[in-house]
1. In this structure, is B:S290 in contact with a strand residue (DSSP E or B) (Cβ under 6 Å, 6 or more places away or on another chain), farther than 22 Å from B:K179 by Cα and of a type outside the set (F, W, Y)?
2. Against the conditions (1) in contact (Cβ under 8 Å) with a residue 12 or more places away in the chain; (2) at negative phi, where does B:D233 fall short? Just the number, please.
3. Could you grab me the full set of residues in region A:299-327 that are surrounded by fewer than 18 Cβ atoms within 10 Å (Cβ to Cβ) and small (G, A, S)?
4. Test A:V19 against the stated conditions and say whether it is within 12 Å of DNA strand C (Cβ to nearest atom), more than 14 Å from chain B (Cβ to nearest Cβ) and part of a loop (DSSP other than H, G, I, E, B).
5. Collect the residues in region B:245-263 that are charged (D, E, K, R) and either part of a loop (DSSP other than H, G, I, E, B) or away from every other protein chain (no Cβ under 14 Å) (or both), keeping them in residue-number order.
6. Out of region B:43-92, which residues are more than 16 Å from DNA strand D (Cβ to nearest atom) and among the polar types (S, T, N, Q)?
7. Do you know which of the residues in region A:264-295 that are of a type in the set (S, T, N, Q) and either within 18 Å of the chain's Cα centre (by Cα) or assigned to a helix (DSSP H, G or I) (or both) is surrounded by the most Cβ atoms within 10 Å (Cβ to Cβ)?
8. Looking only at region B:298-317, how many residues end up being touching a Lys or Arg at 6+ places or on another chain (Cβ under 8 Å) and either under 16 Å from B:L282 (Cα atoms) or not aliphatic (A, V, I, L, M) (or both)?
2 protein chains.
Amino acid sequence: MVKRKGTVTISQVAQAAGVNRSSVSRAFTKPYMLTPETVARIKAVADTLGYVPNRTARALSTGRNSNLALIVPDVANPFFPPMIRAAQDAADAQDYCVFLGNSNEDPSKEDRLVGRFIGQVEGLILASSRLPEKRILDYAEQRPIVLINRDVAGVPRVLIDSSNGMTEAVRFLAERGHKKIAYVSGPSGSWSNKSRRSAVRKAAQQAGLELYVCPAQVSSFEAGLSAVDRILDAGTTVAIAFDDVTAHGILAGLEQRGITVPDGFSVVGCDDVLGDLTHPPLTTISSRSSEAGDLAVSLMYDALRSVGLKDARYLLQTELVVRQTTK
Amino acid sequence: MVKRKGTVTISQVAQAAGVNRSSVSRAFTKPYMLTPETVARIKAVADTLGYVPNRTARALSTGRNSNLALIVPDVANPFFPPMIRAAQDAADAQDYCVFLGNSNEDPSKEDRLVGRFIGQVEGLILASSRLPEKRILDYAEQRPIVLINRDVAGVPRVLIDSSNGMTEAVRFLAERGHKKIAYVSGPSGSWSNKSRRSAVRKAAQQAGLELYVCPAQVSSFEAGLSAVDRILDAGTTVAIAFDDVTAHGILAGLEQRGITVPDGFSVVGCDDVLGDLTHPPLTTISSRSSEAGDLAVSLMYDALRSVGLKDARYLLQTELVVRQTTK
DNA sequence: TTGAGCCATGCAACCGGTTGCATGTCAAAC
DNA sequence: GTTTGACATGCAACCGGTTGCATGGCTCAA
């Protein structure tokens, strides 16, 4: 047993206040059971001693630890930080602590993280999970799980539905006279990528546009960069990228080849994570990832209180944000 | 007590294997104390029952929980995600879990977070902490604390030393003929801001440049945006910003006024977090925040094993990265 | 054959809270 | 003045592990 100096326990407070440990416990968790004076006295003593209830001990006896885990594929991808922050804030409001895991897009690492977290949290939120469906369902039997941007029946999930944004983008491009467009794919295991790609495909068909799909690559920025040759060869005049980071890769690639945007080529991003921080400001599709984080946490609370259907499926709508990379 | 179905305890394994609970415990934590056959038998039984040691219970009795906390002022500030990721990876390598806290630049919220975490972690890493020095020292008595970009004697700390990068930048600008430069400040409680500002001040003096310091504002982007009028009024020809986000605010403000960069005005950022994702690519000062995260975690391990001096103070050097926003 | 010593395992206390039940006190009701 | 009951507080078990010490069986040497 590693003793830490300065750690005040419930027994010390009890002794100092001349009451039983249980009264101290109640003063903090069920004050209505005690006389207001007793509560006040105990709290005063606790305060001067600097007592803080030990969450670990509390968790052991109650089985509730007020911890949540949030696992994302890549913290450094600008799509996630706002989501993380929102989730954090929502958890904070209920006195919950959140573990953060970074799976690095690797299903086995994600699995390891879940295993490590699951024993010390009440529930897990998996963002853009790359885990096999069966695995998710297995874990969901042990602890409440909420998914973001992953669609598994029977597990509460929040989906940012880029389809209508994508559809809107394709229509917009068709109206502006583009005939041949490209879609530059994201990670192959990604639900978002599938959903975006198929929305583009369908909309392009409806609008009578020719579509070139550039297959998935490594990390987003490089994916965009290396896609440039192919989308130019394919004779397209505009590229819709899986996300904003990919779009920036494309912009960088175009710049290298001396092609100006939007005069020489148009680019549309997705997620609206870089705002108009860049020049020219990127035309993109909104995503409000922070709302997704917030909503996921509140779904988690529902699950923890066992209210709400297991099969909750929230779709967050998106829309085209026209800035200056399209013509 | 909330029971979770399917939770197997050490007692159940002990009973099924016909041994005492302590033997089961030893089979997992100190197998050398038992016969290899006993260990094998216990593990086999544990396996079929699906036993997983309860980390909470273990933590309570050993006082060690293999958890770390990392608190940052703002997850969404692009400076932090790479640091968070690196810290995460380093923790992961030692089977540690990390709690993430977002203080929102608010000292009292940061304090609350520390209080909430401190009971369930072995140590805390505070990045750009806004806590009063005394408070930090108090907490440091309860648990090992490692600071990033905050310089408190007696507490191990990792400092990204932007001074030489800043000095280099000022010299570079002087050589290019600038006479009057501006420094646009960051958060007032920030060690980084103090250190950057004083480096600029000293270097400007040495180079014989006139310096206008624009005081601290609200959030970074707006700070830059709203500083533009003043830095133009002050007659400067270049602004060095506290960080890249501020620099982007300045760029946006200049754009609004129809001033082109770098012909009409020059801008230098700091931290190099947006890389050359933007156009024109930003001249900035490197910072390698991920190294800071990694180093902080390894300092933490040192502290947990009680090796290394309490007063470790690591300086990470920086340098000017010239891109296209300066002339 | 017996005693010393080693080693595998068991026993029980402990970590720091929570909680069902027992107890004691005091006031209202009879 | 006694009974009843409500309410504040204490007692002790429990959560699920870990660990110092006790125990008992076995080996080996005298």
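1. No: the conditions fail for B:S290.
2. Condition not satisfied by B:D233: (1).
3. A:S306, A:G308, A:A312
4. Numbers: within 12 Å of DNA strand C (Cβ to nearest atom): yes; more than 14 Å from chain B (Cβ to nearest Cβ): yes; part of a loop (DSSP other than H, G, I, E, B): yes.
Against the criterion (within 12 Å of DNA strand C (Cβ to nearest atom), more than 14 Å from chain B (Cβ to nearest Cβ) and part of a loop (DSSP other than H, G, I, E, B)), A:V19 qualifies.
5. Let us first name the residues in region B:245-263 that are charged (D, E, K, R), namely B:255, B:257, B:263.
Selection gives B:R257, B:D263.
6. Just the residues of region B:43-92 that are more than 16 Å from DNA strand D (Cβ to nearest atom), to begin with: B:44, B:68-92.
B:N77, B:Q88, listed by residue number.
7. Start the filter on region A:264-295 by keeping residues that are of a type in the set (S, T, N, Q), which leaves A:266, A:278, A:283-284, A:286-287, A:289-290.
Adding the requirement that they be either within 18 Å of the chain's Cα centre (by Cα) or assigned to a helix (DSSP H, G or I) (or both) leaves A:286-287, A:289-290.
Numbers: A:S286: 18, A:S287: 28, A:S289: 25, A:S290: 18.
This residue is A:S287.
8. Count: 2.
Since every read-out is calculated from the coordinates, none of them should be taken as a lab result. None of these values were measured; they are calculated from a predicted model. Cβ coordinates were reconstructed from backbone atoms using ideal geometry, including for glycine residues, and neighbour counts include every protein chain displayed.
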